[in-house]
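Taking it in order: structure first as C-alpha cells, then the write-up.
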Amino acid sequence: MVEAGRVTIEKAAGIGKVIFFHPKSNSLPGQLLADIAEAVNECGADPSVRVVVLQSEGERAFCAGASFEELLSIRDVEIGKAFFMGFAKLILAMRSCPKFVIARVQGKAVGGGVGVAAAADYTLATERAAIKLSELAIGFGPFVIGPAVERKVGAAAFATLTIDTDWRDAQWAKEKGLFVEVHPTIEALDEVVLKLAQRLAQFNPEAMASLKQIMFEGTDHWPSLLEERAAFSGRLVLSEFTSKAIHAFGA
C-alpha cells in the first residue's frame with residue numbers, strides 16, 4: 001500500500017503556507033500531489049491570502065520526486081497517465097494561482113521536486129539543496145515537468161540536467177536561475193522567506209496578479225501539452241525496461 005503523506009495549510013497575516021510531508025524523503029505519490037494542488041488552489045481563492053509559501057517538512061530532502069512504490073504499482077496506461085497528471089495539475093495550479101508562490105527549498109530536490117521548485121515564482125534555497133533530474137536513468141524522462149524547468153533555467157541547462165543525470169549543487173542551480181538566493185542554513189533561509197512573504201503581503205494584490213499573468217505569458221498551451229506528456233510518460237512507465245530500471249534504482 002502506498003503511503004499517503006500529508007499536507008497542512010497555515011494562514012496568518014496575509015501569508016498562506018502549504019506544507020507537505022512524506023516519510024520517504026518527501027516523495028510524491030498521486031494523492032499527495034493532488035492534496036498539494038488543492039491546497040495551492042485554496043490559498044489562491046482565499047482573499048485573506050496575499051502570498052503563498054510552498055515548503056516541505058524536515059531538515060533534509062525538499063522532495064525526492066515521484067513515489068517509486070506507486071510507479072511500480074502502475075498496471076495500465078490510464079493509471080499511468082493519471083499518476084503523471086498529478087505533477088501536471090500541481091504545476092498548473094502554481095501557474096494559475098493569482099498569488100506569487102515562493103518555494104522554500106531546504107534540501108535536495110530530485111525529478112518532480114525540481115519541477116515544483118521551477119514552477120514557483122520565486123525559489124529560495126540552502127547550500128544543501130542539490131538538484132538532479134533522474135528520470136532518464138529510470139527509463140522515461142522529465143516530460144511533464146520539462147516546460148516548467150526549461151522556462152526557469154533555459155534550454156541548455158535543461159538539456160544538461162536531463163542528459164547527465166548526476167547531481168548539480170545549489171550554486172549551479174542559482175547560476176542557472178532556478179534559485180534566486182542560496183543561504184548557508186535553514187534558519188537563514190526561513191528568515192529571508194518570512195521577510196519576503198511579509199513584504200509581498202503588503203503589496204497590491206491586483207498588481208501582483210497582473211504581473212504574474214505577464215510573467216507566464218506564452219504558457220497558455222501548457223494544459224494540453226502537459227496532458228500529452230503525461231499520457232506518453234504513462235505508456236513508458238509500463239515498459240519492461242523502465243520496471244527493471246526503477247527496481248534497480250530503488251534497490
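The values are calculated or read from the model by the stated rules, or taken from the named source; none is laboratory data. Being a predicted model, the structure only gives us computed values, none of them experimental. Glycine also receives a Cβ, built like all others from the backbone with ideal geometry; neighbour counts cover every protein chain displayed.
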Can you name every residue in the stretch 139-156 that is of a type outside the set (Lys, Arg) and either closer than 19 Å to residue 62 by Cβ or under 16 Å from the mean Cα position of the chain (by Cα) (or both)? 141, 142, 143, 144, 145, 146, 147, 148, 149, 150, 153
Taking residue 177, is it under 19 Å from the mean Cα position of the chain (by Cα), of a type in the set (Gly, Ala, Ser), surrounded by fewer than 19 Cβ atoms within 10 Å (Cβ to Cβ) and not in a helix (DSSP H, G or I)? yes
In the stretch 121-140, how many residues are surrounded by fewer than 24 Cβ atoms within 10 Å (Cβ to Cβ), under 24 Å from residue 225 (Cα atoms) and at pLDDT 95 or above? 3
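Just the residues that are buried (at least 20 other Cβ atoms within 10 Å of the Cβ) and in contact (Cβ under 8 Å) with a residue 60 or more places away in the chain, please, taken from the stretch 71-89.
Matches in the stretch 71-89: 71, 74, 80, 81, 83, 84, 85, 87, 88.
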Can you list residue pairs whose Cβ atoms sit under 8 Å apart, with the first residue in the stretch 216-233 being under 14 Å from residue 140 (Cβ atoms) and the second being among the charged types (D, E, K, R) and outside any helix (DSSP H, G or I)? Count only pairs 6 or more apart in sequence or on different chains. none
For residue 128, which of the numbered conditions (1) touching a Ser or Thr at 6+ places or on another chain (Cβ under 6 Å); (2) assigned to a loop (DSSP other than H, G, I, E, B) fails to hold? (1)
Suppose we filter 26, 41 for residues that are assigned to a helix (DSSP H, G or I) and polar (S, T, N, Q); which single one remains? 41
For the stretch 186-217, which positions are small (Gly, Ala, Ser) and over 20 Å from the mean Cα position of the chain (by Cα)? 188, 201, 207, 209, 210
Which residues, taken from the stretch 236-251, are assigned to a helix (DSSP H, G or I), buried (at least 16 other Cβ atoms within 10 Å of the Cβ) and not hydroxyl-bearing (Ser, Thr, Tyr)? 236, 245, 246
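Tell me, please, whether a residue that is assigned to a loop (DSSP other than H, G, I, E, B) and surrounded by 15 or more Cβ atoms within 10 Å (Cβ to Cβ) can be found in the stretch 226-235.
No, the stretch 226-235 contains no residue that is assigned to a loop (DSSP other than H, G, I, E, B) and surrounded by 15 or more Cβ atoms within 10 Å (Cβ to Cβ).
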Collect the residues in the stretch 181-219 that are touching an Asp or Glu at 6+ places or on another chain (Cβ under 9 Å) and surrounded by fewer than 12 Cβ atoms within 10 Å (Cβ to Cβ), keeping them in residue-number order. 184
